[in-house]
1. In the stretch 179-195, what count of residues is obtained for those that are over 20 Å from THR101 (Cβ atoms) and either open to solvent by 10 Å² or more (accessible area, probe 1.4 Å) or touching a strand residue (DSSP E or B) at 6+ places or on another chain (Cβ under 6 Å) (or both)?
2. Which residues, taken from the stretch 246-305, are open to solvent by less than 20 Å² (accessible area, probe 1.4 Å), closer than 22 Å to ASP223 by Cβ and assigned to a helix (DSSP H, G or I)?
3. Read through the list (1) open to solvent by 10 Å² or more (accessible area, probe 1.4 Å); (2) closer than 30 Å to PRO371 by Cβ; (3) of a type in the set (Asp, Glu), then give the number of the only condition that ASP173 fails.
4. Within the set of pairs 6 or more residues apart or between chains, which connect a residue that is within 13 Å of PRO171 (Cα to Cα) inside the stretch 184-213 to a residue that is open to solvent by 10 Å² or more (accessible area, probe 1.4 Å) and part of a helix (DSSP H, G or I) with Cβ atoms less than 6 Å apart?
5. Does the stretch 213-220 include one or more residues that are of a type in the set (Val, Ile, Thr) and either crowded, with 19+ Cβ neighbours inside 10 Å or touching a Leu at 6+ places or on another chain (Cβ under 7 Å) (or both)?
6. Can you work out which of the residues in the stretch 83-130 that are of a type in the set (D, E, K, R) and under 19 Å from THR413 (Cβ atoms) is least open to solvent (accessible area, probe 1.4 Å)?
7. I need a count of the residues in the stretch 335-360 that are open to solvent by less than 20 Å² (accessible area, probe 1.4 Å) and without any contact (Cβ under 8 Å) to a residue 60 or more places away in the chain.
8. Quick one: VAL98 ticks every box in (1) in contact (Cβ under 8 Å) with a residue 24 or more places away in the chain; (2) touching a Gly at 6+ places or on another chain (Cβ under 7 Å) bar one, so which box is it?
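The values are calculated or read from the model by the stated rules, or taken from the named source; none is laboratory data. Not measured: the values here are computed from a predicted model. Note that we place each Cβ from the backbone using ideal geometry, even for glycine, and neighbour counts take in every protein chain shown. Surface accessibility is based on the protein's heavy atoms, side chains included, excluding ligands, DNA and RNA. Shrake-Rupley method; radii C 1.70, N 1.55, O 1.52, S 1.80 Å.
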Amino acid sequence: MGQCGSRLRSARMPHVGGAVFRKYKFPFENLPLEGGAKGVAYAGALKPWSRSVHSEVSAKPEDARAPVVCSHNEWDPLEEVIVGRVEGACVPPFTVEVKATTYEKSWSFFMKNGGKPFPSEHMRKAVEEVEEFCNILKHEGVTVRRPDPVDWSEVHKTPWFESPGLYASMPRDILLVVGDEIIECPMAWRSRFFEYRAYRSLIKEYFREGANWTTAPKPTMADELYDQEYPMRSVEDRQKLATQGKFVTTEFEPCFDAADFMRAGRDIFAQRSQVTNYMGIEWMRRHLEPKGYNVHTISFEDGSPMHIDATFNIIGPGLVLSNPDRPCRQIDMFKKAGWTIVHPPTPEMPESHPMWMASRWLSMNVLMIDPKRVVCDSNEVATQKMFEKLGIQTIKVNLRYANSLGGGFHCWTCDVRRRGGLESYL
């Protein structure tokens, strides 16, 4: 128990158990910590946390074979990853759920271009960036897989709605890997209803090779799932509504995006957002808790909650990046467990750069290669310095044009296999 099932596979790298993290020391000198304090000479910062870790990784024989799908957290050594595609991306129609999750300055863009391809020159540059990102991951020893190309401008009709698609750019939004299981999430935008098609070839391959595959209940996305009278004339209106616990998605049926869940071994953290409702979180809880997982609902002072990984990004055992503009209301839970909370610096992305479906805080939407290496934005110098102070090597990649589609390095990927075991961190 505590490991992913084994399967026949080629040469295996040496197993890394949870105890290996006790070797890592993070020099938290002069870093912005929770409450405005500074971390000074904080060698062995993870010791308070490490005393509460319960490793369930047993010794394995040298000839043991790695499972094809196995990932328990966001930082274990990365072996295989899915990277999304730019090709075929289509501007989503300006529906109520899109309005509730995008910025006012982009609304005219959606109204004018819904159902059409994104600007071709912008997409050409985005393709180049993503291909280079893939090449860098391969250079770092990571196996890179890609979804199938799809023409997302094709309109599909169900008994409840019709819509063109969006893209297969953000596998983190639709796929959640928990141990040796791939969970295909139901999503909440109508333009993403058929997004699973781009990933089915890969998922079937993983399934044939021993992975577990679960498809969460597919929502009808009928009108009842959305508050069609959601009173939002501006982003300020949306912030007030979110503060009151009112969202564009109702509790008509379960819906959730995988990117509203953050994994830390046996503890999985979820937020109620514009695309993830409480029924969706409850479905995940009932599905995972019998397997020994704890699903925690946390919340933030965020007027536009959609996807947790540019708000609260766990980058190591007992180590989390917490967005200073969106403080976590349950932060004491992490402090009591001995976690170190680091506030990333203000993003350096120019306000003039088109960000149709995301905020500039993608600067903290990073991908950990292992506890000592991180893929981060080559343009975000202050963020790079933050990681250097943490003792983490930065692998600098430019994804600026690809960011415009709504995601950073974490969003653009789904880690299929990380080398490590299942542990508890709270």
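1. 5
2. Correct list: GLY280 only.
3. Single failed check for ASP173: (1).
4. Taking only residues 6 or more apart or on different chains, the pairs are GLU184/TYR196.
5. no
6. Only one residue tops the list, namely GLU129.
7. 4
8. Tallying (1) in contact (Cβ under 8 Å) with a residue 24 or more places away in the chain; (2) touching a Gly at 6+ places or on another chain (Cβ under 7 Å), VAL98 fails exactly one: (2).
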